[in-house]
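For reference, the structure discussed in these notes is given below.
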Amino acid sequence: MKVVYLITGSGGSFYCGNCYRDMIYLKALRKVPGTEASAIPLYLPPDEKTDEKGLEKNVFFGAISMYLREKVPFMRNMPAFLDKLFDSAPLLKMAAKRAGTTRTEGLEEMTLGMIRGGNAFPDKELQRLVHHLIKDRKPDVIHLSNALIIGLARQLKKKMDVKIVCSLLNEDDWILEMAEPFQSRAWKLIGEEAVNVDAFITPSTYYRDMFISKTGISPDNVTVVPLAIDPGSLISVEKKDGSPTLGYFCRVNSHNGFDKIVDAFIDLKLSNSIPGLNLHVSGGYTADDKPFIEKQVSKLKAAGINDSVKIYPEFHGDFKEEFFSSVDIVSVPVRKYDGYGLYLLEANAAGVPVLQPATGAFPEIISTTGGGLTYEPDTVKGLSDALLKLFNDKALRKELGSKGRENVAKELSLEKMSLGLSEVYKKVL
């Protein structure tokens, strides 16, 4: 069985949960017996530090040319040499670091076009993709990484006799940022285009139920396959410093609640509830996030505690290992209900317990891993109180860290995930 996974890259300037998920999918696909699997990036290149086997570097439907076609009428029929220039790796990497690549303002019509298909995907670029897909052997299954590119399903089925599977996760992050009527139209269009998809896969019951309620797609066509942890994340770390340290591991922005963890940290420091407390931060950011981050740093300086905060310059390799070896607890108090949270599995894989608001899929994940606690209410005080209790119970932290590491390896293994994917593919074929 030949499976091609179409992914949407981020360029690698921040911790992108969807991008990590895509690499985990590719690893799991390659473990399905008798499967030849590869991944092709759309819009933006994958993280340049990723060297996953089967991940192609050639980008289709490059973000710059797609944007120019949408915004500049005379560019809609741009010559091939301009396409090639705009879709070159250096320009796409530069585009990924710019602010606008992670916000919806001004991209609402383009988003609806990609969901709807049609003219949003230029025919000559679609033909180039199809030619690339069939050059060796036509794939049996094309797996779309998210429903925001569901418009490709109808287009590809017109050109090829192929089954389409689509992953569902975090589409709401993008759609809920759009103003009405674009938001409602996006959900409605996804529901309409769902007839061109043979099966949907999502990692949590929470996200399955939410997505069905928004789009009206049939529950019978959505299978929950929990995301696995990359075996490379099962690192053996020991706390190098005796100082109590709170960790934040995710893109540093308002959406992920970085200001909430800063405010809780300030409360705990100024009250001296946890003597010697530090805050370590890893996850990167985009240009859009800089004003927000500067505001948080100003709050820390005004409180006179900025010396107790360390922001890691990278979130890969040795930097990631150093980060997890320095923290006692990881918390990412997101504002919007999250459909999964791979950052929780990464913390547990390093033996670090997590503390999350009891929202979205967090109770579901923590119930599976046993590697952390949830708290209510989802307020700064609720977070501060929960942190104080967990920091004051070293035995519980050790127990949660140990359970988390054991269970992510056992219950959320690549082997289990590949088995779940295999069953879905067998069903559609």
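Restricting the range 257-287 to residues that are in contact with a Phe, Trp or Tyr (Cβ under 8 Å, 6 or more places away or on another chain) and among the polar types (S, T, N, Q) leaves a set whose member that is surrounded by the fewest Cβ atoms within 10 Å (Cβ to Cβ) is Thr286. As a summary of the residue check, Thr379 satisfies the conditions (1) at pLDDT 95 or above; (2) touching a Ser or Thr at 6+ places or on another chain (Cβ under 9 Å); (3) closer than 20 Å to Asn256 by Cα except for the one numbered (2).
Residues that are farther than 24 Å from Phe324 by Cβ and assigned to a helix (DSSP H, G or I) do not occur anywhere in the range 225-236. Residues in the range 20-43 that are basic (Lys, Arg) and within 9 Å of Ser418 (Cα to Cα): Lys27, Arg30, Lys31.
Taking the range 360-391 as the range and being more than 24 Å from Ala409 (Cα to Cα) and hydroxyl-bearing (Ser, Thr, Tyr) as the test, the residues that pass are Tyr375, Thr379, Ser384. In a residue-by-residue description of the range 187-194, the property of being of a type in the set (Phe, Trp, Tyr) and in contact (Cβ under 8 Å) with a residue 40 or more places away in the chain applies to no position. Filtering the range 150-170 to residues that are under 15 Å from Thr104 (Cβ atoms) and at pLDDT 95 or above leaves nothing. Criterion applied to Val424, Val428 was being in contact with a Lys or Arg (Cβ under 6 Å, 6 or more places away or on another chain) and on the phi < 0 side of the Ramachandran plot, and the one residue passing it is Val428.
The values are calculated or read from the model by the stated rules, or taken from the named source; none is laboratory data. All figures in this text were calculated on a predicted structure; none of them were measured in a lab. Cβ coordinates were reconstructed from backbone atoms using ideal geometry, including for glycine residues, and neighbour counts include every protein chain displayed.
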